[in-house]
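Asks: Starting off with a structure, shown below.
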Amino acid sequence: MRTPLIAGNWKMFKTVAETVAFVTDLRDLVKATASVDVVVAPPFTAVHAAANAARQTKIGVAAQDLYWEKEGAFTGEVSPAMVKEAGAAYAIVGHSERRRLFGESDAIVNRKALAAIGAGLTPIVCIGETLEERERGEMLAVLDRQIKDGLDQLSADQVGALVVAYEPVWAIGTGRTATSAQAGEAHAHIRKRLRQWFGGDAADRCRILYGGSVKPDNIRELIAEEDVDGALVGGASLDVRSFADLVTRSGRPAV
Ligand code: PEP
């Protein structure tokens, strides 16, 4: 049984003060919901404040990215140990905006995933096809390449413990959500490949999130798909009430 996970990717939104206010409100709003893991991914500058505000709650904190080196002359970069020390437990790697705007390849995603694991962080590895790739009928081949190259050299145990986020690029920030059937098909394929390449235990344990215009009014339908274990949410994670709604609709009342 996989515990559902709802993760909010704030991108380049929210100051430290806004982060603390959000997490403080979120703690109360999700208190009564059990059996769902909750993660927020603020900008680097607010990771520490988010982790402090979330202390002794079930809210986890993710970095939105990291660099794979431990330290050195890499101006502007942040190491896995630094985000871990700041209080993050997760790190998003390979988000489509990093791939598209900052030229990140699957090889880079792989180095980041390995470095995150090495520092004791849980990577949330994002994969997903563009609209052109889908229309050319390449969706499954793209996912295969991203899984194979992005998770290269990871052990079955490591794959079982990480999170994969399937985010079709055409659905991110566009208001165009994949139908639950489209999400279900992609997720089933991803799990099939994980089973084939990393074994049954890893495939059964690995959580696969859907991302792309998830909102409180479509989460139930998406999460009802057998292989959809939660969501990675951009826009709808910025408002604490809508994010809390996503969490409550994915869990069940605490007893
Ligand atoms: C994202 O950026 O990961 C995302 C899914 O964004 P949105 O929910 O806004 O489509």
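Asks: Just the residues that are surrounded by fewer than 18 Cβ atoms within 10 Å (Cβ to Cβ) and part of a helix (DSSP H, G or I), please, taken from the stretch 207-234.
Replies: Once the filter is applied, which keeps residues that are surrounded by fewer than 18 Cβ atoms within 10 Å (Cβ to Cβ) and part of a helix (DSSP H, G or I), the stretch 207-234 yields 220, 221.
Asks: Show me the helices (runs of 4 or more DSSP H) found entirely inside the stretch 6-100 where at least 1 residues are among the charged types (D, E, K, R).
Replies: Filter on the stretch 6-100 gives 16-30, 80-86.
Asks: Quick one: in the stretch 173-206, of everything that is buried (at least 22 other Cβ atoms within 10 Å of the Cβ) and not in a helix (DSSP H, G or I), which residue is nearest to the ligand (Cβ to nearest atom)?
Replies: 178
Asks: Additional query: Take the residues in the stretch 159-172 that are assigned to a helix (DSSP H, G or I) and within 13 Å of the ligand (Cβ to nearest atom); name whichever of them is nearest to residue 144 (Cα to Cα).
Replies: 169
Asks: So, in the stretch 1-40, exactly how many residues are closer than 18 Å to residue 123 by Cβ, aliphatic (A, V, I, L, M) and out of contact with any Asp or Glu (no Cβ under 9 Å at 6 or more places or on another chain)?
Replies: Counting residues in the stretch 1-40 that are closer than 18 Å to residue 123 by Cβ, aliphatic (A, V, I, L, M) and out of contact with any Asp or Glu (no Cβ under 9 Å at 6 or more places or on another chain) gives 3.
Asks: In addition: If I ask for residues that are more than 12 Å from the ligand (Cβ to nearest atom) and touching a Phe, Trp or Tyr at 6+ places or on another chain (Cβ under 7 Å), which ones from the stretch 214-255 would you list?
Replies: 228, 240
FYI, it's all coordinate maths here, none of it is from the lab. No experiment lies behind these values; they were computed from the predicted model shown. Cβ coordinates were reconstructed from backbone atoms using ideal geometry, including for glycine residues, and neighbour counts include every protein chain displayed.
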